[in-house]
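This report refers to the structure that appears directly beneath it.
The values are calculated or read from the model by the stated rules, or taken from the named source; none is laboratory data. Here the structure is a predicted model, which is why all the values come from computation and not from measurement. Please note: Cβ atoms are built from the backbone with ideal geometry, for glycine as well, and neighbour counts cover all protein chains shown. With ligands, DNA and RNA removed, areas are computed over all heavy atoms of the protein, side chains included. Shrake-Rupley method; radii C 1.70, N 1.55, O 1.52, S 1.80 Å.
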Amino acid sequence: MQKKSYPGFTLIETLVSVAIFTLAVSLGTLVIISMNQAAGRVRVRDQAIQSIYYVMDTVSRSVRTGTQYESVSPETFSYIDQKGDAIELSKSTSAEQLVMYMTPLGSTVKKAEPLHDVYAVKLIAIQFKLKGAAKAPIDSEQPSVAITAQFGYEYRGKQFIIPIQTTLTQRYIDIGSALGGLPTGG
Amino acid sequence: MKQTQIKISNIKGFTLVETLVAILALSLSLGALTLLTSKAVVTTRTAESRVVAEFLAVEGIELFQKLAMSDLIASGGLNASLSARAICSAGCTIDTRDGILTPSSNGVLYYDATTHEYSHQSSVGLASEYSRLIYTKQSATNGSIFVRSVVSYSVLGGGSHKVVLTKEFQPWYIQ
């Protein structure tokens with residue numbers, strides 16, 4: 001009789017509080033796991049974004065200072081760069097990668113230079129829409145190319161796509177082709 | 001006998017209520033952590049949208065550049081008609097499809113899921129989270145035009161962010 005009045009926890013009370021505590025701890029664990037995942041995705045995403053900026057920066061600089069824009073198919077874009085080398089931009093046939101193919105002036109050897117690492121970012125698809133070409137069809141419009149590219153990165157088996165679009169226009173005045181004469185550029 | 005009982009009831013552990021309150025406090029702090037996590041996820045989405053918005057803003061400036069250079073071709077070197085391009089004090093749309101500055105206050109960009117193209121033509125796609133307007137302001141002193149490309153994009157959970165780019169265009173040719 002005396003024992004019963006000791007004010008400790010009863011078995012039920014202990015069980016209830018242990019249950020609640022377990023619930024709280026498992027919730028906490030879930031939160032930590034999901035935070036860890038979010039942080040992991042941010043790491044992967046930042047790498048992808050850095051690569052996209054690098055790729056587009058390289059392409060923009062080269063295309064703007066280039067001349068004789070040409071696009072034989074929506075997936076390929078070629079031009080002559082500032083140094084006179086023939087450049088072709090297209091997606092690699094073997095990897096999800098944007099490749100800059102370069103044939104140096106006075107050479108016939110085409111060199112391939114991938115612009116990014118597939119582990120950092122994948123190129124899902126790319127399209128070039130050319131207007132005002134200096135080469136066929138010849139017209140008097142200032143050359144420009146609209147690039148739509150779908151870059152993607154993967155995290156935990158899920159793919160995230162970043163569909164970008166930008167337009168680049170030639171920095172050399174296209175007066176040559178406007179007059180129906182010489183190739184453009186300085 | 002009575003004294004002993006009182007003594008014992010003074011040696012108390014936690015009561016159930018105290019334990020519950022403590023657990024509640026713990027859960028609350030964990031809840032705050034969960035909120036932080038979801039905030040991190042939202043930030044991830046926003047960072048991706050920002051990349052797209054930046055390239056769209058560059059495109060806005062570049063499309064104006066194309067117009068300015070077209071004028072140079074037409075005039076043969078000196079751009080006398082540049083000031084005629086300063087029609088967008090209240091905002092204009094321009095896209096890769098038509099390449100024409102059209103005064104407008106609605107800059108919604110539509111995304112075509114088949115060609116992956118952003119344009120102002122509602123007939124070719126669904127309204128995207130991005131909108132772009134081009135503003136022009138003519139300099140009172142040297143005849144140049146300041147072009148501002150503003151891309152706004154909606155953020156998950158309400159509100160919108162902006163990317164603003166400005167470039168000065170001069171009525172003579174600078175490469």
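Summary of values
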quantity: B:Leu28 being open to solvent by 20 Å² or more (accessible area, probe 1.4 Å), modelled with pLDDT under 85 and either at the interface with chain A (Cβ under 9 Å from one of its Cβ atoms) or over 26 Å from A:Thr148 (Cβ atoms) (or both); calculated: no
quantity: Residues that are out of contact with any helix residue (DSSP H, G or I) (no Cβ under 7 Å at 6 or more places or on another chain), outside any loop (DSSP other than H, G, I, E, B) and farther than 25 Å from B:Arg85 by Cβ, drawn from the range B:123-153; calculated: B:Ser123, B:Val124, B:Leu126, B:Ala127, B:Ser128
quantity: Evaluation of B:Val51 against (1) surrounded by 17 or more Cβ atoms within 10 Å (Cβ to Cβ); (2) among the β-branched types (Val, Ile, Thr); (3) within 24 Å of A:Pro143 (Cα to Cα); (4) modelled with pLDDT of 85 or more (one fails), failing number; calculated: (3)
quantity: The range B:32-47, residues that are at pLDDT 80 or above, open to solvent by less than 40 Å² (accessible area, probe 1.4 Å) and more than 11 Å from B:Leu156 (Cα to Cα); calculated: B:Ala47
quantity: Residue that is surrounded by the fewest Cβ atoms within 10 Å (Cβ to Cβ) [pool: residues in the range A:67-91 that are assigned to a strand (DSSP E or B) and touching a helix residue (DSSP H, G or I) at 6+ places or on another chain (Cβ under 7 Å)]; calculated: A:Ile87
quantity: Members of the range A:51-66 that are outside any loop (DSSP other than H, G, I, E, B) and open to solvent by 10 Å² or more (accessible area, probe 1.4 Å); calculated: A:Ser51, A:Tyr53, A:Tyr54, A:Asp57, A:Thr58, A:Ser60, A:Arg61, A:Ser62, A:Arg64
quantity: Residue tally, condition under 16 Å from the mean Cα position of the chain (by Cα) and open to solvent by less than 40 Å² (accessible area, probe 1.4 Å), over the range B:106-130; calculated: 5
quantity: Residue ID - farthest from B:Glu59 (Cα to Cα), chosen from residues in the range B:128-161 that are hydrophobic (A, V, I, L, M, F, W, C) and modelled with pLDDT of 85 or more; calculated: B:Ile145
quantity: Any hit, the range A:103-120, residues being open to solvent by 40 Å² or more (accessible area, probe 1.4 Å), out of contact with any Phe, Trp or Tyr (no Cβ under 9 Å at 6 or more places or on another chain) and in contact (Cβ under 8 Å) with a residue 60 or more places away in the chain; calculated: yes
quantity: Candidates B:Ser139, B:Ser81, B:Ser122 - the one that is away from chain A (no Cβ under 14 Å) and within 26 Å of A:Gln142 (Cα to Cα); calculated: B:Ser139
